[in-house]
Amino acid sequence: MIKNYYLIFKILVLTCVICLCGFILYSFFYNNLYYPTESLVVSISWMITISNFILFFYVLIFLINFRTYIIIFSIVAILGTPAWIIIYALETFIVGFWFPFLTIIRHLSAILCFSILSPGLTLIVINYIKNNSNRFQSRKLFHNYHIHEGFVGIISILISIILIITRYALIQYEVFRQELRIFLAIDMVLLYLFLFFGSFLIFRDWRDLVQFKIIQKRELVDTIYSSSTFYPLTSDSVNFFKSPKIILYPFGILLSSIAVNIFIHGTDFFPEELFTLNHETLVLIGIILSFFAGGIVGLDWYRLFAKLYPELYQNFEQVLENLRKNT
């Protein structure tokens, strides 16, 4: 009976949120078509629309199941990303190309893609961990050497630093800020991806990093502790699968969504007229917040795994409990 009431409650909340999204989208189209681009009305419309979809895709995580969310994420990515790139390329390379409706479609594609990017990627990363931490020991070993995730995270952060330097080098030229701005957009998307994955892996594997465990030689031996999800298990595994006392992952996912939209949309998200922050300042804030947001999710990844895969979590905890008793 309680489950039925809970289901009805989720349906009502989802219906209200979808209706709100429809109304805000209508206002977004209307304001962008009938008001000057530089007007405060359009700026506020941008801010409200971006904020709405960030919250929509965030709330959606707790209203629908994992598989359904991934399907929605795939549809948005498959349809939205090409639309954004193609229209952006037409505007960039075809002189005089400008159709208001197509420009709004590009804006809307960007809003949808970047609003669902953080939650979708987070769920995919957890699913990847589940599928690639199993009994196939050879996947974790390379010629008897185990490469720790923190090391991979450090490499990702180094790549993101290169992308940051590349961006600041490109914006020194007017041609990249105007006619070839699509390359700046692609650079920033790649920057977020490497930054998110890098910080996630570093904070997920922080215990090994502080002990300077980067590349470790390990013998291929059988272990008496194993599960279908995580393999092999040693005494070090007890600390690795500890969750923080405070639930962090909901805050991390939300902060990550806000961060990526800050440095992608800049003053479209936080109008300079209201917040007195220029675009480059917002980009820097977004980059810093993205790093910490990915790390927060990385710290609390095991609790999120338990929520997404409760049966696997319960079975694994039984194996882990036996390991704790004998450690």
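Structural remarks
- Residues in the range 89-124 that are within 20 Å of ILE24 (Cβ to Cβ), at pLDDT below 90 and among the hydroxyl-bearing types (Ser, Thr, Tyr): THR103, SER109.
- Within the range 232-264, the set of residues being at pLDDT 85 or above and aliphatic (A, V, I, L, M) comprises ILE246, ILE247, LEU248, ILE253, LEU254, LEU255, ILE258, ALA259, VAL260, ILE262, ILE264.
- Flag if LEU195 is in contact with a Phe, Trp or Tyr (Cβ under 8 Å, 6 or more places away or on another chain), crowded, with 20+ Cβ neighbours inside 10 Å, of a type outside the set (S, T, N, Q) and modelled with pLDDT of 85 or more: yes
- For the range 239-263, residues that are in a helix (DSSP H, G or I) and under 20 Å from the mean Cα position of the chain (by Cα) total 15.
- Selection from the range 39-50 of residues that are part of a helix (DSSP H, G or I) and surrounded by fewer than 16 Cβ atoms within 10 Å (Cβ to Cβ): LEU40, VAL41, ILE44, ILE48
- Among residues of the range 316-327 that are more than 17 Å from TYR302 (Cα to Cα), none has a Cβ under 6 angstrom from a residue that is of a type in the set (Gly, Ala, Ser) and at pLDDT 70 or above at a sequence gap of 6+ or on a separate chain.
- Filter result for the condition that a residue is assigned to a helix (DSSP H, G or I) and in contact with a Lys or Arg (Cβ under 6 Å, 6 or more places away or on another chain), over GLY298, GLY266: GLY298
- Residue within the range 7-22 that is under 13 Å from ILE104 (Cα atoms) and among the small types (Gly, Ala, Ser) present: no
- Candidates LEU320, LEU277, LEU282, filtered to the one that is out of contact with any Leu (no Cβ under 6 Å at 6 or more places or on another chain), farther than 18 Å from ILE154 by Cβ and not in a helix (DSSP H, G or I): LEU277
The values are calculated or read from the model by the stated rules, or taken from the named source; none is laboratory data. Just so it is clear, the model here is predicted, and its values are computed rather than measured. We place every Cβ from the backbone using ideal geometry, glycine too, and count neighbours over all the protein chains shown.
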